[in-house]
Each structure stands twice: as structure tokens, then as C-alpha cells.
1. In the range 244-255, is there at least one residue being farther than 20 Å from P383 by Cα and either without any contact (Cβ under 8 Å) to a residue 24 or more places away in the chain or in contact with a strand residue (DSSP E or B) (Cβ under 7 Å, 6 or more places away or on another chain) (or both)?
2. Working only within the range 31-71, note down all residues that are more than 11 Å from the ligand (Cβ to nearest atom) and closer than 30 Å to S240 by Cα.
3. Of the residues in the range 199-211, how many are away from the ligand (no atom under 13 Å from the Cβ) and either under 16 Å from the mean Cα position of the chain (by Cα) or over 21 Å from E51 (Cα atoms) (or both)?
4. Quick check, is A167 within 14 Å of the ligand (Cβ to nearest atom), in a helix (DSSP H, G or I) and under 23 Å from the mean Cα position of the chain (by Cα)?
5. What residue, among those in the range 1-44 that are in a loop (DSSP other than H, G, I, E, B) and basic (K, R), is farthest from W397 (Cα to Cα)?
6. Taking the criterion of being assigned by TED's automatic domain parsing to the domain that holds S399, over 23 Å from G197 (Cβ atoms) and either of a type in the set (S, T, N, Q) or in contact (Cβ under 8 Å) with a residue 24 or more places away in the chain (or both), would at least one residue in the range 34-49 satisfy it?
7. For the range 344-379, which residues satisfy the criterion of being touching a residue at least 24 places away in the same chain (Cβ under 8 Å), more than 30 Å from S253 (Cα to Cα) and either of a type in the set (K, R) or surrounded by 16 or more Cβ atoms within 10 Å (Cβ to Cβ) (or both)?
8. Any residue in the range 105-119 that is in contact with a helix residue (DSSP H, G or I) (Cβ under 9 Å, 6 or more places away or on another chain), in contact (Cβ under 8 Å) with a residue 60 or more places away in the chain and either crowded, with 17+ Cβ neighbours inside 10 Å or not aliphatic (A, V, I, L, M) (or both)?
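The values are calculated or read from the model by the stated rules, or taken from the named source; none is laboratory data. Just so it is clear, the structure is predicted and the values come from calculations on it, not from any experiment. Quick reminder, even Gly has a Cβ in these numbers, built from the backbone with ideal geometry, and neighbours come from all protein chains shown.
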Amino acid sequence: MKMTTKYDVAVVGGGIAGLTAAVYAAKAGKRTVLIEKQERFGGRAITNHKEGVYFNLGGHALYEGGDARATFRELGLRLQGSRPSADGYGIWKDRLSTMPTGAGSLLTTPLLSWKGKLELAGWLAKFGKLDTRRYDGISLRDWIESNVQDPMLRHLFYSLFRTATYAGAPDLMTAGPALRQLKSALQGVLYLDRGWGTLADGLGELAGRLGVERLTRAKAAQVEHAGGAVRRVRCEDGTSLETDDVILAVPPSAAHALVPRAETTSLHAWREQAIEITAACLDVALRRLPAPKQQFVYGVDRTVFLTNQSRAATLSDDGSQVVCLIKYQGRETDAAADLRELEQTLDLVQPGWRGELVAKQYLPKIAVCHDFPHIRRTELPGPAVPEINGLYVAGDWASHGELLVDAATASAKRAVRHLLARGGTERMTYREHSRIV
Ligand SMILES: Cc1cc2nc3c(=O)[nH]c(=O)nc-3n(C[C@H](O)[C@H](O)[C@H](O)COP(=O)(O)OP(=O)(O)OC[C@H]3O[C@@H](n4cnc5c(N)ncnc54)[C@H](O)[C@@H]3O)c2cc1C
């Protein structure tokens, strides 16, 4: 197909960030086109309906205190699902023990001494009021090692932070954002009926109602720019979309590849400094749970996590229980070893699960987040690419302190706010752009 059409805004990438950006641009009256290379919108937030089971791409939870939840509420999305109980277990030395997540479990847990319990009780009382901004310049490890006294409590903190952020990198993760994420997680999470695909569907329908032109199976090949300003997006099939503003809601490496001479722009540093968070995910649908009480398990001395999402959401047509396991990966990964560890975890938590298996999905290595707030960053990515007028970035990597899907929605709104505020065609420096944000 070869055609040329003129838009105010072209959004490249139809994951949650791109969908959100397109919706907000259209709400502001901009003639908007959304370009997605896959056959459906959603990116990493799609859900696959297979053998009567709704499998997300790994276990997904929407944080009640996060930007995404507030954004979807503001947009009037009707999300169905509910909050799971936070009562759970911790794996320590190959055994399951009550995890101290509240007053009752704090008294009964064998994981902490009385001294550790007293210290944790103190944290539970003061954590909500903690001024987390003070810790934006140090690593999570530095924060834990200098603020938590009891050695076992430190292990528990590492485990809680890992689960809340998905990042097993306490030496790199900046403490402030991690603390805010944990605070947000402690307000509760939502598991969604029929999975996160419903989010993408809801946003996609809203975008359609607002008049967004939605293209799927349309792979952007290049963002053409001349004289320091965006001119058009060219797709692989030859379609050419004239536009003044482009929001790149794709991973940092893809954004870099789309822009000629990207190495002379901020996109280069953002790509070079990005550190991916990846995970191995094993999701199983079981006819029934062999050990019905053991539905929520933190790895304390293992970098794993298990949750039965069916305890709070409808994720199968026939009542099968969908249990999600995650192995938090470091730099080196080994798909077979990770699968072994996840299956061993399932053996420990749900012995006999193999006899109840209805369906399963294994993702050996998936990017949970293309970047996160870490101490090696020298500048915050986006929203504007200051060297090229009308070029913006969004996505879970374009974080200004948010994490995961909250970074996706927050960065999308930042990009739209920014292009609306800029209005004119004057070039701006990174510092001037930062003032708008
Ligand atoms: C296993 C796992 C568990 C997670 N759990 C949670 C959780 O519990 N809570 C939470 O908040 N977040 C969670 N996340 C993170 C969340 O899913 C992501 O942050 C979010 O979906 C990212 O959205 P995005 O739009 O930034 O990126 P993506 O979803 O990656 O979207 C990018 C889109 O761009 C498209 N694209 C790329 N190149 C082009 C091109 N050239 N032309 C056109 N289109 C292109 C891609 O096809 C894709 O659709 C999890 C993620 C994973 C993988």
C-alpha cells in the first residue's frame, strides 16, 4: 500500500504507552494515528486465550497506588477483577514459612527473632510517612544496609523490593523509586479478569471512539526529519504519514533504529544507559490446587515468586487455577536452569501439580521493563528528544522515577503534555524541555 496522509501526531508502538499517548493526544483534539507492527494492540500487556485459559505474558498485577491505575480511572476504563490477599509464605532454606506482611503474621512468623519483629513493627508504623525523595541518589542496597539492622529482616526487605519492582539489582536500582513502588504495592494490587489484554482492548476501543486512526500490522521503518524537525513516518509497506509530532512508544533500541543519525541525539545516551529487567515466567493452569493454602509465595533466599492469580481474578473458562511463577534474572540467564528452579518451586509449594495440569506457558526470557531508575543514568529519558523538534519518547523505560506500567502511562502523558505545551516550532534545549515536564 502506498499513500500519504497528514496527521498532527503519529504514535509508533501500540503497547500501553502508545495507546495511552494516542488517547490523550486525541482527547486534546489532535488528529492522531497509532502504528503497531503486530496484529493486535497491547505489546507486552497482551493476553493469550489458550485451552480455555487466559495467560498474560507472565504474572501481571496493577498497583493500586500507581500512575496507571489513576490514568485508567481518569479515562473511565471499567476494570474487572479484584484484590488478592497479601497473606503468604516465604521460601527460606527450602522450607515454607509464614511471611510477616501484617500484624497477625508478624507475631506468628518463625522467620524473625523478637528483635527483628520489633524492628519490622517499627517499619510498618513509619513506612507510609517516609520521605522517599531523600533517597533518590543512592542505591537500594545502600539504603537497606544502612537503615535495616536485623540481618534476617534485610533478607525479607530484599525479597519484598524484588517482588514489587521485578528487579533483582539492588546495587543498581535507585532507592527512592523502589521505596515508592513498595509503598504503592502495599496499598494493594488488582488482578484483572481475563487478563491484561482487557486493558489494551479498553484503551484501543477508547482510542477508536476518539477518532484515532489505528493501524496494525504496520511496522514503522523510519522517522524522517529535516532541518531539525520531524517530517513524516515511513512504514515498511511504503505508507508515508506526514506529521509534525511523533511519539516513539517502542523500546529504546527500536527508537534509536528508527531515527536517522540517532547517534547525534539524546536517543543514543538513553539507549546506551538502558538496563533491561528480564524474567523467566512459568504459568500453569491446574484443575485444582494440591495445597490450597499455599497461593502466594515470596522467594527469600531464592530469586523467585509464585502467585495463584485465580484467587482474585477469573482467568479460565472452567475454573482452573492459574498459578504464575517468576524467576528474576540477572545479567546471565539459563533457560533450562530457570525452568528447573521454577518447577522445583512448584514442587515445594504445590506438590503433585503435574497430575492437575491443564495448560502451561513458559517464557524463558522476557523484558519486564526496558530500563528502570538506576544510579548509572545521567539524565532522565524524554519526553522530548531535544535535538529534533516534534520528536518524543514514551514507554516503561522513559521513566522519571516510575516503574513498570506506571512508567509507560506516566511517560505517555508527559509526551502529550509536552507537545501540547510546546505548540510552536522553536527548538528547545534539554533544560528548557525539563521545565515543561
Ligand atoms: C513478565 C512480565 C510481568 C510484568 N508484570 C507487571 C506487573 O505486575 N505490574 C506492572 O505494572 N507491570 C508489569 N509488567 C510490565 C508491563 O507489562 C510493561 O511495563 C508494559 O506493558 C510496557 O508497555 P510499553 O507500551 O512501554 O511497551 P510494549 O508493551 O513493549 O509496547 C511496545 C510496542 O511497540 C511495538 N513496536 C515496536 N517496534 C515497532 C515498529 N517499528 N513499528 C510499529 N510498532 C512497533 C511493539 O510491537 C509493541 O506493541 C510486566 C511485564 C512482563 C513482561
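1. Pass one, the range 244-255, residues farther than 20 Å from P383 by Cα: none.
No.
2. R31, T32, V33
3. First, pick out the residues of the range 199-211 that are away from the ligand (no atom under 13 Å from the Cβ): 201-202, 205-211.
If we keep only those that are either under 16 Å from the mean Cα position of the chain (by Cα) or over 21 Å from E51 (Cα atoms) (or both) as well, we get 202, 205-211.
So the answer is 8.
4. On the way: within 14 Å of the ligand (Cβ to nearest atom): yes; in a helix (DSSP H, G or I): no; under 23 Å from the mean Cα position of the chain (by Cα): yes.
The answer is no for A167.
5. Initially, the range 1-44 is screened for residues in a loop (DSSP other than H, G, I, E, B), giving 1-3, 13-14, 28-31, 36-41.
Within this subset, residues satisfying the condition of being basic (K, R) are 2, 30-31, 37, 40.
Values: K2: 33, K30: 25, R31: 26, K37: 19, R40: 22 Å.
This residue is K2.
6. No, there is no match, as no residue in the range 34-49 is assigned by TED's automatic domain parsing to the domain that holds S399, over 23 Å from G197 (Cβ atoms) and either of a type in the set (S, T, N, Q) or in contact (Cβ under 8 Å) with a residue 24 or more places away in the chain (or both).
7. Selection gives T345, L346, L348, V349, Q350, W353, E356, V358, A359, K360.
8. yes
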